[in-house]
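Every number in this text was worked out from the coordinates using simple rules, so none of it is lab data. These numbers come from a predicted model, not from an experiment. Here Cβ is always computed from backbone atoms with ideal geometry, including for glycine, and neighbour counts include all displayed protein chains.
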Amino acid sequence: MRPVVWIIVAAILCAPFFAPLDPAAQDRLHPYAEPGATHPLGTDEYGRDQLSRLLYGGRVSLAAGVFATVLTLGLGLVLGGAAGYLGGVADEVIMRMAELFLCVPWLYLLLGVRAFLPLTVRPVESFFLIVAIIGLVGWARPARLIRAVVLSGRELPYVLAARGFGAGHLYLFRRHLLPLVWTVLRTQAQLLAPRFILAEVSLSFLGLGVGEPAPSWGQTLAVFRHVGVMEVHPWVVLPPIIVVIVIFTLLRASDTLKQL
Amino acid sequence: MTLTFIARRVVHGILLLVAISVLTFALTEIVPGDFFDDIKLDPSISRDTAQGLRVQYGLNQKWPVRYARWVESALRGEFGISFAYNLPASQLLRPRILNTLLLTLVSLFAAWGLALPLAMISARYGRSILAATTLLIAVPDLIVAFLALYFAARTGWLPAGGMRDANGEGLLLHLLLPALVLTVCSLPVLIRHIRSALLEVSQAPYIRAARAHGVGETRLWTHHILPAAMNPITALAGLSIAGLLSSSLLVEVIFSWPGLGPLLVEAIAARDIYLILGSVLSTAAFVIAGNLAGDLLLAVCDPRIRWRRS
């Protein structure tokens, strides 16, 4: 399974190389063109090349997933680590915060936070906005796990010994606690990244994500809204089907399914 | 014992909701512009009118003042006045909450009703159900919903979206498809969790002892393994409600089900902050209530917890 994922990721990373055309270039004379030599997957309603949009859209969706995961885990590590290591009031405050974030359903939380940010923004800004929102919203669960690991790791004999020998807090955390947390971080990253890619897809689908003309997988799925178009031009379902297959592959490879 | 326990949990839940509302209000400070900035785009509305409206709705105040006003109106049962509708938010939210509850509760019971036996079957025999869940988890909820909608539009057997016919009838028929989609979307995760909980218990020595005493297989699973596995399963109940509400938002938007989801999306586009606050708070209240129900269920199932708390 892994090599397939690397091929997909490589194809998406090198989108400018593989994509036959500019993803934003319109060809108003040929909307919904059939798949053929010039457009391997056909064109969309503005005559834009579907394959190019799929590849460039993958860039946006994958990058959003990866960056949001890094942000979430970074926050989770700092807050969860602080709560577990410092204990006392800091622990109490941070864990109460985590509880707040956990009791709102994530899509409502996501939209709720999105609501208080500028509505119309440029594609690049909206990309960072999405990453920031998705990343900010999900920190509570990893933070709880990391706190638990740090809490028990703090009392381990060799950690106590290191502290007895005069190890500083940062050194102790980096050298002795971080390796313990590392496995949690890795499994969480594998679980979260595909979920965040789906979150970006949902947001873009609701029109609150990456805006036109920048392509994204959420917009690719929006084709299903137009039943009439699907009847007349059945090949428009090709890109969304490919997106589903790719997401399935990523989920399989990330062990998400084993964790559930 | 349970009364003090429930009372403590309810107070805790209310405190959580208060904290969420404070945070949301603090967030509104970050927003550049508000509802009445968009109104000014209309050339027939003057700058002064917009400013007057802003004063009327109290938007010229700082957020602590606005929060105090909102609390006051919440205590009156209004939860703020919606800018876009000029109605108390509670009046707009109430029918939406009921619709969302109807949809999610039906799906919740359907999903749990199906997940328990299916998980038991898949724990006892083979992996074919498990393989099916693998596939279902990977398909985004969006796609399942669209396939169902396409099916309805194509065959015409079921209404494609909405909640009632023009004459106000046909609620059940309209409910069927979105509820089915929600059930299908939440089923695979439930099955997997319940299955692993069951499998873990089925390895326990006392199960082997019961089997050696001649307890029948079916009775063994329903009377010995399932009750013992209830602990992790009930913990899942609250979690599954949160997940269900999130999927419900998408399903409601796609099937034009007049629940909280479409209202929230609309309110975000209009920057109608009290409506946004109201819908986020009510879903949080559902999750908290679900967690409470899960804990009570656990107390009913697990005598150890019952005694510890008394």
query = Do any trypsin sites (Lys or Arg not before Pro) in region B:118-193 lie in a loop, going by DSSP, with at most 12 other beta-carbon atoms within 10 Å of their beta carbon, and if so which?
reply = B:Arg127
key: Helical mean residue ellipticity (222 nm; -39500 (n - 2.57) per DSSP H run of 4+; nearest 500) of chain A   = -21500 deg cm²/dmol
ask   = Using the beta-carbon distance between B:Leu105 and B:Ala68 and R0 = 30 Å, what value does 1/(1 + (r/R0)^6) give for FRET efficiency, to the nearest 0.05?
value = 0.30
ask   = Taking Cα pairs under 8 Å and at least six residues apart, what relative contact order does region A:1-100 come out at, in percent?
value = 20 percent
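Order B:225-233, B:5-13 from most to least packed using the mean count of other Cβ atoms within 10 Å. Please report the intermediate quantities before stating the final value.
Working: B:225-233: 18.3, B:5-13: 13.3.
Going from most to least packed, we get B:225-233, B:5-13.
Does chain B come out rounded, prolate or oblate by the C-alpha gyration tensor, with a ≥ b ≥ c the root eigenvalues, rounded set by a/c under 1.5 and, if not, prolate when a/b is larger than b/c and oblate if not?
Values: a/c = 3.03, a/b = 1.67, b/c = 1.81.
Oblate is the answer for chain B, as a/c is 1.5 or above yet b/c matches or exceeds a/b.
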ask   = For peptide B:242-250, how many partner chain Cβ atoms fall within 10 Å of a residue's Cβ, on average?
value = 5
ask   = In a GNM of chain A with a 10 Å cut-off on Cα contacts, which of A:Leu41, A:Leu170, A:Leu250 has the highest mean-square fluctuation?
value = A:Leu170
message = Just to confirm my numbers, what's the Cα centroid distance between region B:66-137 and region A:1-77 in Å?
response = 34 Å
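When Cβ neighbours within 10 Å are restricted to other protein chains, what is their mean count per residue of peptide B:276-285?
Values: counts 6, 2, 0, 4, 8, 3, 1, 7, 8, 2.
Mean partner shielding for this stretch: 4.
For a protection proxy built on the mean count of beta-carbon atoms within 10 angstrom, sort B:176-182, A:188-194 highest first, please. Don't skip to the end; give the middle numbers.
Working: B:176-182: 22.7, A:188-194: 20.7.
Final packing ranking: B:176-182, A:188-194.
If a helix is a whole DSSP H run, which ones in chain A reach 30 Å or further along their own axis (Cα) and hold a mean Kyte-Doolittle hydropathy of at least -1.0?
A:50-86, A:178-205
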request  = Work out from phi, with θ = phi - 60° and the Karplus expression 6.51 cos²θ - 1.76 cosθ + 1.60, the ³J(HN,Hα) of each residue of region B:196-204, listed in order in whole Hz, and give x for Gly and Pro.
outcome  = 5, 5, 5, 4, 5, 5, 5, 8, 5
note = Relative contact order of region B:1-154 (C-alpha contacts under 8 Å, at least 6 apart) in percent is 9 percent
ask   = When the helices in chain B are scored as -39500 (n - 2.57) per DSSP H run of 4 or longer and the sum is shared across all residues, what 222 nm value do you end up with, to the nearest 500 deg cm²/dmol?
value = -25500 deg cm²/dmol
inquiry  = Rounded, prolate or oblate for region A:51-111? Axes are the square roots of the Cα gyration tensor eigenvalues, ordered a ≥ b ≥ c, and the cut-off for rounded is a/c under 1.5.
reply    = oblate
remark   = Quick calc, B:Asn60 & B:Ser196: beta-carbon distance into FRET formula, R0 56 Å, rounding 0.05, result 0.50
ask   = How far is helix B:273-301 tilted off the main Cα axis of chain B, in degrees rounded to 10, range 0 to 90?
value = 20 degrees
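Taking every residue in A:95-105, how many Cβ atoms of other protein chains lie within 10 Å of its Cβ, on average?
Numbers: counts 0, 3, 2, 0, 4, 7, 2, 7, 15, 15, 14.
Mean shielding count: 6.
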ask   = If you average the sequence gap of Cα pairs under 8 Å that are 6 or more apart and divide by the length of region A:35-144, what percent do you get for the contact order?
value = 37 percent
ask   = What nm value, rounded to one decimal, do you get for the distance between B:Ser256 and B:Thr222 when each label is placed 7 Å out toward the C-beta?
value = 4.5 nm
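Cα gyration tensor of the protein assembly as shown, axes a ≥ b ≥ c as square roots of the eigenvalues: rounded (a/c below 1.5), prolate (a/b > b/c) or oblate? Before the final figure, lay out each step's value.
Working: a/c = 1.31, a/b = 1.17, b/c = 1.12.
Verdict is rounded for the protein assembly as shown.
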request  = Rank by packing, highest mean first: peptides B:46-54, B:263-271, with packing defined as the count of other Cβ atoms within 10 Å averaged across residues.
outcome  = B:263-271, B:46-54
